[in-house]
Every structure is written in structure tokens, then in C-alpha cells.
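S.K.: Input: one structure, supplied below.
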Amino acid sequence: MEKQNSAVPALDKMDLIFDLLTRTPEGLSQSVIASELQLPKATVSRMINRLTGQGYLEQDHLTGLYNLGAKLLTLGNIVNQRLDVAALAAPHMKELAREIDEMVKLSIMRGDTVYPLCSFESRKAVRITLDSGTVYPPYIGAAGKLLLALTEEGRLYRQNVLPSIVLKSYSPYTIADKAKLEEVIDRIAVEKIAYDHQEESEGIYAIAMPVFNSLGETAGAVSIPFFGDFESKSENYKSRLKACTDMISRSMGYERGKVYE
């Protein structure tokens, strides 16, 4: 008689159950799961009942067999969307960069830093470039402020980090006053558009808009940094950037007008 793994920690048992059901898409009964994993039937029954009640597993009411549930699918979709945002955005960004002959950049926020995922440069002789490994604090630039206003990472940064730091000035136009920065971020949260008025480098402006995933969450910020006349260029680029971010959001499963909780 084989020894049962009664001492296996609960999380490891859950992992074993998930892994077994991943390999058997037709589903399994509680008794077969217990036998395959060499776990006590009572233990498996308690875990499966709880996992089923929480949506991690589903039971076929005709066969009585268990399989992976919709909650795992939802969690998997969230991971996939984060991994896929650059791949889904790239064709639309490339086309926009070609149309306006300016850099188009996709950024995300992780922790207290804004990272560029991908970018497409202008063909102009004098153009803005992005150095490899470039990262920015989130209070700098259009994309950073947009992510501060519209993401959970941004909310946590404003709550836990911003009160305790001194805002560094990168140019004479950097918003180094926290009260003023909060006003700007609150306005961005409503308008869903952000601007950079030479905050990181003198002479460089930018406009940024969000892309949304299938859960209605902000998955990233697409921005256009540019030289020249801010008023005329930002007005010209606004509608084009909106069309680009709308197409990216649709490709990620976002439905405009849907109520997200």
C-alpha cells in the first residue's frame, strides 16, 4: 500500500490539483484525484469543495467530474494581457509613427518606475531617440503622470511614496510642487489625457493617452514626444493618438460603454 502525502502543505496540494487537472482536460472525480496524488480522500474533498465554491474549479453536473474553473481563466487572461500589450500595440503604434513622422512610445508603471516597453522613431534627421534602459520617475512627463492618475500602481505610489520624497527637477519646467502635481493628476484622471510641457528636457513636449484591457483597467500609456510648436502639434496629434489607443484597447478586448466594476 502506497503512503499518502498527508503532510503536504495546503498550497502545494492546490498546486498538485491544478497541475493534474491541466493535464486531464476531460476532468476527474474526487476519488481519482485523491488516488493520483496519493492524498487522503477527506483532504481532497475539503479542498475541492472550497476551490469549487471560490470559482477555481468547476464540476460537471452530468458526469460529476471536476475541471479548472473560470476564475483561473480570468487570472490567466490578466497575465496574458500584461505580456501581450506590447505585441498588440506595436502594429498600431508603428502606423501612427509613420503617419505623423514622430516617435510613438508605449510605457507601463511597475513599482515606483515608468518603463518604456516599445517605441517607434521618426524618420527625420533631427529626431527624439530613446536610450536603451531609460527609466523615469512617474511624476515626469506625459506617460508617467497618466499612469499615476489611472493605474493601481499609480494610486499606491501617490499614497505610499510621493508624500515622503523630494521631487527632483529635471528642467526648469518640471512640476516639483506636490500640491500642483496632485491637481494635474486629478485633472488627468478625469480627462484621460496628459501632456508634457518640457518637464524632462527643454524643447521636448509630449501627449499621452491610455490603453485599456478587457477588464477596463489601464494597461499602459501611449505617448508622442515631439519638438516644436506645442499648441498646433498637440491639437493635430490628439485625434490621431486617440484613434490609435482606441484600436489597441479593442484588440485587448476592451468594450467602450461597458460598465466595469
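S.K.: Any residue in segment 22-35 that's crowded, with 17+ Cβ neighbours inside 10 Å: show its pairings with residues that are in a helix (DSSP H, G or I) at Cβ separation under 6 Å, as long as the two are six or more apart or on different chains.
M.R.: If the second residue must be in a helix (DSSP H, G or I), the pairs left are 30/44; 30/45; 30/48; 33/44; 34/41; 34/44.
S.K.: If I filter segment 192-220 down to residues being under 25 Å from the mean Cα position of the chain (by Cα) and of a type in the set (Val, Ile, Thr), which single residue comes out as surrounded by the fewest Cβ atoms within 10 Å (Cβ to Cβ)?
M.R.: Filtering segment 192-220 down to residues under 25 Å from the mean Cα position of the chain (by Cα) leaves 192-196, 199-200, 205-220.
This time we only want the ones that are of a type in the set (Val, Ile, Thr), so: 193, 207, 211, 218.
Working: 193: 19, 207: 26, 211: 27, 218: 21.
Only one residue tops the list, namely 193.
S.K.: Working only within segment 71-99, note down all residues that are surrounded by fewer than 17 Cβ atoms within 10 Å (Cβ to Cβ), modelled with pLDDT of 85 or more and not basic (Lys, Arg).
M.R.: If we filter segment 71-99 for residues that are surrounded by fewer than 17 Cβ atoms within 10 Å (Cβ to Cβ), which is where we start, we get 71, 73-80, 82-84, 86-87, 91, 94-95, 98-99.
Still in the list and also modelled with pLDDT of 85 or more: 86-87, 91, 94-95, 98-99.
Listed by number, the residues that qualify are 86, 87, 91, 95, 99.
S.K.: Also, I was wondering about something else. Please specify each residue of segment 129-139 satisfying the condition of being modelled with pLDDT under 90 and either closer than 13 Å to residue 113 by Cα or touching a Pro at 6+ places or on another chain (Cβ under 8 Å) (or both). Quick ask: steps written out before the conclusion?
M.R.: Just the residues of segment 129-139 that are modelled with pLDDT under 90, to begin with: 129-137.
Within segment 129-139, 130, 133, 134, 135, 136, 137 qualify.
S.K.: When you check residue 66 against the structure, is it more than 30 Å from residue 249 (Cβ to Cβ), aromatic (Phe, Trp, Tyr), surrounded by 15 or more Cβ atoms within 10 Å (Cβ to Cβ) and touching a residue at least 12 places away in the same chain (Cβ under 8 Å), yes or no?
M.R.: Answer is yes for this residue.
S.K.: If a residue must be touching a residue at least 12 places away in the same chain (Cβ under 8 Å), farther than 24 Å from residue 252 by Cα and of a type outside the set (Val, Ile, Thr), how many such residues does segment 170-220 contain?
M.R.: Looking only at segment 170-220, we keep the residues that are touching a residue at least 12 places away in the same chain (Cβ under 8 Å), and these are 170-175, 178, 181-182, 184-186, 188-189, 192-220.
Filter again for farther than 24 Å from residue 252 by Cα, leaving 170-175, 178, 181-182, 184-186, 195-206.
Remaining after also requiring of a type outside the set (Val, Ile, Thr): 170-173, 178, 181-182, 186, 195-203, 205-206.
Going through segment 170-220 one residue at a time, the tally reaches 19.
S.K.: Please work out if residue 167 is on the phi < 0 side of the Ramachandran plot, assigned by TED's automatic domain parsing to the domain that holds residue 100 and in a loop (DSSP other than H, G, I, E, B).
M.R.: Yes; evaluated as a whole, the condition is true for this residue.
S.K.: Quick one: in segment 148-165, which of the residues that are of a type in the set (A, V, I, L, M, F, W, C) and more than 11 Å from residue 112 (Cα to Cα) is surrounded by the most Cβ atoms within 10 Å (Cβ to Cβ)?
M.R.: Residues of segment 148-165 of a type in the set (A, V, I, L, M, F, W, C): 148-150, 156, 161-162, 165.
Adding the requirement that they be more than 11 Å from residue 112 (Cα to Cα) leaves 149-150, 165.
On the way: 149: 25, 150: 22, 165: 12.
Across segment 148-165, the extreme among qualifying residues is 149.
S.K.: Right, here's the next one. What's the number of the only condition in (1) touching a strand residue (DSSP E or B) at 6+ places or on another chain (Cβ under 8 Å); (2) assigned to a loop (DSSP other than H, G, I, E, B) that residue 188 fails to meet?
M.R.: So the condition that residue 188 fails would be (2).
S.K.: Which is at pLDDT 95 or above, at negative phi and either assigned by TED's automatic domain parsing to the domain that holds residue 120 or not in a loop (DSSP other than H, G, I, E, B) (or both), of 175, 207? Before the answer, list the steps.
M.R.: Details: 175 fails: at pLDDT 95 or above.
Answer to the selection: 207.
The values are calculated or read from the model by the stated rules, or taken from the named source; none is laboratory data. Every value quoted in this text rests on a predicted model; they were computed, and no experiment measured them. Cβ: placed from backbone, ideal geometry, glycine included. Neighbour counts: every protein chain shown.
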